[in-house]
Each structure stands twice: as C-alpha cells, then as structure tokens.
Amino acid sequence: MEIEFVNIPMVVDVPYRFAAGSYMARFLIELRDNGKFFGIQCPSCGRVQMPPRIVCAACHIKNGEWIELSPTGTLMGFSIVHLPLTDPTTGLPHKTPYTYGIVRLDGAYSTIEHFIDVEPDIQKVRVGMRVRAILRPREERTGDLNDILHFAPIGEA
Amino acid sequence: MTDRVAIVGVAQTRFSPKRADVNVGELAYEAIEQVLQQTGLEIGRDIDNSISCSHDIWDGQTISDIGITDVIGGHLRNEEKMAMDGSTAAYYATIGILSGEFDCTLLLAHTKMSQTDRNIVNNTAFDPIYTRMLGFDFTTAAALQARRYMSVYGITEEQVARVVLKNLSNARLNPVMHNGRDLSLDEILAAPLIADPLRALDLAPDSDGAVALIMASEERAKQITDHPAWILGIGSCYDAHYLGDRDLADCMALEKAAAMAYRMAGINDPRRQVDLVELGDEFSYQELLWLEGLGLCKRGEAGCITAEGLTARSGELPVNPSGGLLGGVPANVAGLNRVAEAANQVMGRAGEVQIKDVEIAVAQGHSGFCGQHQCVIVLGREPRSLSASAGRSR
C-alpha cells in the first residue's frame, strides 16, 4: 500500500519594527545626514568598536568617547558568492555572483561586513586590498546600513 | 553526593535529507524509544530530568519543545529546552547531576531542516539593525572565515578538500549517515562554487533527524551498564557576536572551552592523551580550524596533518570517523551527535565505525555563525571525580 504523506505549507510572516537603540541611531543618523562613520571607544582597553554599542565587547564596561572614522580601510577577508540568498529588504533572491567582504576602517578595531564592488574574479580581489566606502547620494539615504552602497577598491599605489 | 557522571545510553534516528513521514514528535520518539529499550529504563519511573535541544525559527514555532514535551516525559514535570547546539545539553546535564538534584537525565536534539530554508533561518541570527539586512547567512559568513583563515595560515584548497574526502568516505561506513561517498580530490575541487572558497561539498547537507542520550550519576550508571562513557571534562565559552569584533582566523572561544575541559579531565598534552575526536565540521575548513583550537596541533598545522593522514580512521588521531556533519547531520542535533558518536566509541558500541582501544575521546560542538559559542566534552572509559578538579583556574 502506498503511504500518503501530508504536509501543510505555511509562510510564517511576522512583522517587526526593531528599535535601533540610541547608539546605533546616532551611527545611522551620522551616516545618513553627514556621510560619516563613527565608532565608540572603550575607556579601558581603548578599542574603537563598530557597531557602536553600550558596553565594550571585551571589558564589559560602559563605552566612552565617539570617534570619527575614515571612510577608507583594508579588506581583511572576502567571498565571491554564487548562492542566490534572499535579500531581506525585498524578499527576492540576490543576483549572483556578488562579493561580500570584511573591511577594517582606518582607526577602527572592529571590522564591518558589506558588499565589495569588484569584478567577481579571484584574480581581481585580495586580502589586504585598500577600499573606500561608497554611499548612496544624500537624498536617497534612508538611515540604515544600505546607505552604504558598497566598498570599492582604491587605485593601488 | 556523586561527583562522577556518565553517558549510559545513546540512540540516533537514521539521518535523511527529508523525513516527510514523521512530525518532530514522532521523529524524536524514534530515538527516545530506542534509548529507553537499550537501557531498560522507563520515563516515569527512572528519568528525573529532561533536556531538549531545538530551535524556534528552525521549527517555525516559538517554544519549539512544545512538539516533544510529551515524548520526552515533560508532561507535569521538568523539561529544559536549550536553543543552542546539542553538545551544550550534555554540559547542562552534567551540571544538573553534579548538583545532586538529578540522577538520570534524558537528552534529546531534533531538527527537520527539510521543512524550511536554511539561508533564511540563519539570516535571522544576525543583528537586525546591522548586517542582517545585507542578507548574510551562515554559509556566507563561513566563506569569509574560510578565506581569512586560509589566507592568514596559508591553508590550501587541497588541504581543505582532504577533510571532505575523508569525512564522506567515513560516512559511507556509518549506517545513520546519508551523504557518504567515495570521491576523488579532483571531483571535490571541481564541485560548483557556492560562496568562494566554499564549494557544494564543503557544506554539511540539509538533514532531518534526532539523537537521544541518557546521562546518570555514578551510582545509577553502574546499575544501568557495565560500559558507560564517563564525563571527564566539560567546557563552554562564547566569543563576540559581531563578526567585526573577532579576527575570524582565530578561535579563542574554542581554545578557552578546551582549556576548561582539559583541566577538569587532567589532560595536559591533548595530542598524546586524546585517542579520537568528533567535531563540528559544519563547513569543511572548520575541521582544520577546530583541530587547532582544540590544541591538537599548532596554529596553521591542521592542513598538513590532515594531508599526512594523521586524522584518518587508520591514523594516529582519528577525527570524525563517524563521517562528521559533512556526512549529513541536522543543525542543532549536530553537537549532541558528536557526543553520541564519541560516547559510542568509548563504550565500544560504534559498530561499523568503531576505532580500536578508544580510552579518551573529545566531542566539540558550536552554535552561531563562525563558531561563536563553543562547547567541549571529554569522555573516557575510566571514571574521574569531577568536583576535585573542577575548581576555577587561578
């Protein structure tokens, strides 16, 4: 006898409105309005951390001073992605291939992960490459991490 | 009060890409029924604590243990759920028994990856305000870690492919695995790129399944079996959540968890003292990185010792003789299955995948992207008092 399997298809679609919190709000507003990156410095270990948050990740004490960071940095790692991951902002699959990278902005301890605007060719991208943040035009920025379009290589000296 | 704890029973369902015939409760009970039969125990009479491991978003239900509280004996009794890798269930079960509160604990981990989409589920592990909206998931985060680790330590793609070759070949011997096969290095290196440098065979495949264990105090353990796997040491440690706070070539959380577990177990030269390792190769390169974090070789050496065959079934230090996660083990079940396979080896119950004379085995599990949380369990054939050695380091 053939056994019939019963599956109930369901999309669990739960809407959220996530509060950025005061530290991330300031980071996102500076990026949107002034095109600037800010990290926050631990008064004990001196690490300048991104994203800014209430306590130091290592010392667990309240973070202190806000530090403006350069929009330029160094590529610490990358991946050319062939997997059509769902873009959470649209629900649609990403066009492949695209490149994700880990960037250490000059003056920061932490790195930021974002898209890297390079030809998806393993010969054209390398760890240690210098990159610069490319932001959306001021009028198109909405105050979230997509105000950064991507990081682009700086002509190598 | 007891200060020795043992694993006295181990059962696994068959892992499969899709089990459309069972819901999670039925899947869980396949493992629970087996482990009760094996040990001759009854839930109502013998089990005084239950710990389950599953994940709300994977199961599509908040409080994902709802579907299994009846089969695990949680009705009108205590049941603790952990939304972490299953290895941590063994950690908490040990602590519960050492406290003197419980004598006999039933552990269960279940996940049906086939019921949803791993990339969307794992995207929700990222901070909603920060990098989640960029679409990251565990595979792309792992690709960044692989690139970083390989670039810092000069690990080659061929060395990583040897992990796939070994583990899929080992999995062929293991009747519970579904991804076992014999491949050539060329075939592995020619698999389609998913997220460079990771190719299709570098990822643990989607799997459905469950694992159940019973852990007991010394007195109860000796009544249940003549061949328990004794807990010699446990360690657990978190790294930073944000990828940007870590150098992904490092695995400091694992180094610390291993140090805690080794100290309890009286292990000061793991390479010499450990006979076998079952670790969380969710992605192939992680086997190399975790071997280094477990102190079983120097940083950057894991690729070489793997290429030399040291970690093969016939090698000096077999690693994942069961086939590992690449052989096909569900998320969340992953680490509890590492403990299960290591315990079977120590108990001499590993059947087709048994390695001779395993006195001491190490199981490692991790949760979160790029191994944020790490748990290490050391198992052995001879019991060891845990309270005497469990003092904090000075």
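Report, please, the projected area of the stretch A:21-153 averaged over directions, based on the convex hull of its C-alpha atoms, in nm².
8.5
Which of the three applies to the stretch B:17-68, rounded, prolate or oblate, going by the alpha-carbon gyration tensor with a ≥ b ≥ c and a/c under 1.5 meaning rounded?
Values: a/c = 3.08, a/b = 1.53, b/c = 2.02.
Because a/c hits 1.5 or more and a/b fails to exceed b/c, the stretch B:17-68 counts as oblate.
Given +1 on the Cβ of Lys and Arg, -1 on the Cβ of Asp and Glu, and no further charges, what dipole in debye does chain A carry about its Cα centre, rounded to the nearest 20?
Values: 16 positive and 18 negative charges, 139 e Å.
For chain A, the charge dipole is close to 660 debye.
Where does the charge balance sit around B:G335 when Lys and Arg score +1, Asp and Glu -1, over other residues with C-beta under 13 Å from its C-beta?
Spelling it out: positives minus negatives among the neighbours equals -4.
Please report, in whole Å, how far the alpha carbons of the stretch B:244-295 spread along each principal axis, starting with the longest.
35, 22, 13
For the stretch B:267-353, what are Rg and Dmax over the alpha carbons, in angstrom?
Cα radius of gyration and Dmax of the stretch B:267-353 are 12.4, 34 Å respectively.
Based on the alpha-carbon gyration tensor of the stretch B:177-249, what equivalent-ellipsoid semi-axes (square roots of 5 times the eigenvalues) come out, in whole Å, largest first?
38, 23, 11
Summing Lys, Arg as +1 and Asp, Glu as -1, what charge do residues with Cβ under 9 Å from the Cβ of B:I231 carry, B:I231 excluded?
That sum, taken over residues with Cβ under 9 Å, equals +2.
If you add up the charges near B:L243, with Lys and Arg at +1 and Asp and Glu at -1, over every other residue whose beta carbon is less than 11 angstrom from its beta carbon, what do you get?
On the way: positive: B:R148, B:R246; negative: A:E113, B:D127, B:D239, B:D245, B:D247.
Neighbourhood net charge equals -3.
Can you bin the stretch B:100-160 into rounded, prolate or oblate? Criterion: square roots of the alpha carbon gyration tensor eigenvalues sorted a ≥ b ≥ c, rounded for a/c under 1.5, prolate for a/b above b/c, oblate for the rest.
Working: a/c = 2.23, a/b = 1.45, b/c = 1.55.
Here the stretch B:100-160 falls in the oblate category.
Averaged over peptide B:121-132, how many Cβ atoms belonging to another chain are found within 10 Å of each residue's Cβ?
Counting other chains' Cβ atoms within 10 Å and averaging over B:121-132 gives 4.
Please turn the phi angles of the stretch B:271-288 into ³J(HN,Hα) values with the Karplus equation 6.51 cos²θ - 1.76 cosθ + 1.60 (θ = phi - 60°), one per residue in order, whole Hz, x for glycine and proline.
Once rounded to whole Hz, the list reads 4, 7, 8, 8, 9, 7, 10, 10, 10, x, 8, 4, 10, 3, 4, 5, 4, 6.
Just counting partner chain Cβ atoms within 10 Å, what average do the residues of peptide B:133-144 show around their Cβ?
6
Just tell me how shielded A:70-77 is by partners: mean number of partner chain Cβ atoms within 10 Å of each residue's Cβ, no decimals.
Mean partner shielding for this stretch: 3.
Based on the inverse mean of 1/r over its pairs of different Cα atoms, what is the Kirkwood hydrodynamic radius of chain B, in Å?
That comes to 20.6 Å for chain B.
Using alpha carbons only, what's the Rg to Rh ratio of the protein assembly as shown with Rh from Kirkwood? It would help to have the intermediate numbers written out before the result.
Values: Rg = 23.6 Å, Rh = 24.2 Å.
With Rh from the inverse mean 1/r over Cα pairs, Rg/Rh is 0.97.
Sum -39500 (n - 2.57) across every DSSP H segment of at least 4 residues in the protein assembly as shown, then divide by the residue count to get the 222 nm mean residue ellipticity, nearest 500.
Result for the protein assembly as shown, helices only: -8000 deg cm²/dmol.
We did not get these values from a lab; they are worked out from the coordinates using the rules stated. Keep in mind the model is a prediction, meaning the values are calculated, not measured. With ideal geometry, Cβ positions are generated from the backbone for all residues, glycine too; neighbour counts draw on all protein chains shown.
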